[in-house]
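The values are calculated or read from the model by the stated rules, or taken from the named source; none is laboratory data. These numbers come from a predicted model, not from an experiment. Cβ atoms come from the backbone with ideal geometry, glycine included; neighbour counts cover every protein chain shown. Only protein heavy atoms, including side chains, enter the accessible area calculation; ligands, DNA and RNA are left aside. Shrake-Rupley method; radii C 1.70, N 1.55, O 1.52, S 1.80 Å.
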There are 2 protein chains.
Amino acid sequence: MRPSITADDSTKRIIRALERAGYQATPNRRLVARLVASTGGHFTAAELLERGRQERVNIGRATIFRALDLLASLRVVERLDLPTGAHAYVLCDPDEHHHHLVCSTCGHSVDVADGELARLVDEIGRRAGYRIDAHRLELFGMCSACASEQAAVPGPGSPA
Amino acid sequence: MRPSITADDSTKRIIRALERAGYQATPNRRLVARLVASTGGHFTAAELLERGRQERVNIGRATIFRALDLLASLRVVERLDLPTGAHAYVLCDPDEHHHHLVCSTCGHSVDVADGELARLVDEIGRRAGYRIDAHRLELFGMCSACASEQAAVPGPGSPA
DNA sequence: CGGCGGGATGATACCAGGTCTCATCCGCCG
DNA sequence: CGGCGGATGAGACCTGGTATCATCCCGCCG
């Protein structure tokens, strides 16, 4: 375990990214940054809104979306399509191209370096005669924490 | 080029899949099958609805969605998340696990065999300590037809 | 200090994709 | 022919997201 990056660090990192790009770090945006940073996994705009309202009555839905958009454009946050078709956002590292591996149980998400994938994608494109501009890989599964928890408290029917 | 599979073949294949799974091949579903098969690329439910209405006045939105759901559950059709965040559907081969490479210009889509990806995904999971249950790879680019068309009629600025 | 301008904000209307309900309908089987 | 379950259409509804618009706030300039 190496939880060297705290939520607080993340909050600051987000705010710095905002400022570096020339955007105002307004109270609302700071709030969103804090909310985003304090989730270990993915979250929806609606969740953010609700949590935001708990600490600060007046924050508009539109503001949340605008902030999220902004953060997404800075690649501090990325939009995810869950297998269910629902949309969620995750905090992530803006510095390198990567993908997400998300736990379907707890929602925790880890960044996955592109690695060999780039090569593979390249080859697929060449074979199909496409010029590939973008790719997206999304991985869903169960993290080790959830797996061991499930092993300890097995749901009905599973230990058959 | 090997356009050995016609829209008609696809229509029949879809209908057969329906029947094999024990669902009625009702007129509406046949219509949807035909509409789906006659698009080379991805399409949205709204498009289908509109095209459907052109040849058969009464088909409900819900019916389209229901048919699409059904086809998706038979894996004859798959739901795609475009880079824009919009949802689309594509006709595809139910028999093997694969991914989609879609042309952002014309919407044409080709199936891509999983190939090495499975191994890669496996390794990622092992390294992260996740049990990976599902993955999704989506590739976006430009097909050779659109590329050559673009080369012939270059847009402003591109031939710089 | 006062005024100004642009960006940020909140409310709200709106839109699209999708789901749910419900009454009707229709085709298939007996 | 009668009944039943599945399919259907209309339309309400929900959710995620966007557009509009008036207001507001802040920094800056005079």
Legend entry - Output for region A:87-128, where each listed residue is hydrophobic (A, V, I, L, M, F, W, C) and under 16 Å from A:V76 (Cα atoms): A:A88, A:V90, A:L91, A:C92, A:V110, A:V112, A:A113
Inset, instruction - Hey, could you check region B:13-25 for residues that are in contact (Cβ under 8 Å) with a residue 12 or more places away in the chain and part of a helix (DSSP H, G or I) and say which is farthest from B:A145 (Cα to Cα)? - result: B:L18
Inset, instruction - Scan (1) within 11 Å of DNA strand D (Cβ to nearest atom); (2) modelled with pLDDT under 95; (3) within 14 Å of chain B (Cβ to nearest Cβ) for the single condition A:E50 breaks and write down its number. - result: (3)
Legend entry - Criterion (in the same structural domain as A:Q54 (by TED's automatic domain parsing) and more than 18 Å from A:T39 (Cβ to Cβ)) met by exactly one of A:G125, A:G85: A:G85
Inset, instruction - Can you confirm whether region B:126-134 contains a residue that is out of contact with any helix residue (DSSP H, G or I) (no Cβ under 8 Å at 6 or more places or on another chain) and closer than 14 Å to A:H135 by Cβ? - result: no
Legend entry - Within region A:66-104, tally of residues that are at the interface with another protein chain (Cβ under 9 Å from one of its Cβ atoms), near DNA strand D (Cβ under 10 Å from one of its atoms) and within 12 Å of the chain's Cα centre (by Cα): 3
Inset, instruction - Considering only residues that are without any contact (Cβ under 8 Å) to a residue 24 or more places away in the chain and closer than 17 Å to A:H98 by Cα, look in region A:122-144 and name the one that is farthest from the other protein chains (Cβ to nearest Cβ). - result: A:D122
Inset, instruction - Name the residue, out of A:E55, A:E78, A:E50, that is of a type in the set (D, E, K, R) and within 19 Å of A:H108 (Cβ to Cβ). - result: A:E78
Legend entry - B:D8 being without any contact (Cβ under 8 Å) to a residue 60 or more places away in the chain and over 15 Å from the mean Cα position of the chain (by Cα): yes
Inset, instruction - Kindly indicate whether any position in region B:140-158 is touching a helix residue (DSSP H, G or I) at 6+ places or on another chain (Cβ under 8 Å) and assigned to a helix (DSSP H, G or I). - result: no
Inset, instruction - Would you check if A:D111 is under 21 Å from A:R34 (Cα atoms) and more than 11 Å from the chain's Cα centre (by Cα)? - result: no
Legend entry - Test for A:L117: is it within 16 Å of DNA strand C (Cβ to nearest atom) and surrounded by 14 or more Cβ atoms within 10 Å (Cβ to Cβ): no
Inset, instruction - May I ask you to verify whether B:T26 is within 9 Å of DNA strand D (Cβ to nearest atom) and open to solvent by less than 50 Å² (accessible area, probe 1.4 Å)? - result: yes
Legend entry - Pair list, Cβ under 8 Å, 6 or more apart: region A:49-75 residue of a type outside the set (F, W, Y) and open to solvent by less than 80 Å² (accessible area, probe 1.4 Å), other residue within 11 Å of DNA strand C (Cβ to nearest atom) and not in a helix (DSSP H, G or I): A:L49/A:I59; A:G52/A:I59; A:L70/A:Y23; A:L74/A:A21
Inset, instruction - Take region B:10-23 and flag every residue that is open to solvent by 70 Å² or more (accessible area, probe 1.4 Å) and more than 13 Å from DNA strand D (Cβ to nearest atom). - result: B:K12, B:R13, B:R16, B:R20
Inset, instruction - Quick one: count up the residues across region B:29-47 that are among the charged types (D, E, K, R) and within 12 Å of DNA strand D (Cβ to nearest atom). - result: 2
Inset, instruction - Scan A:G60, A:G85, A:G41 and give me the residue that is at positive phi and at pLDDT below 95. - result: A:G85
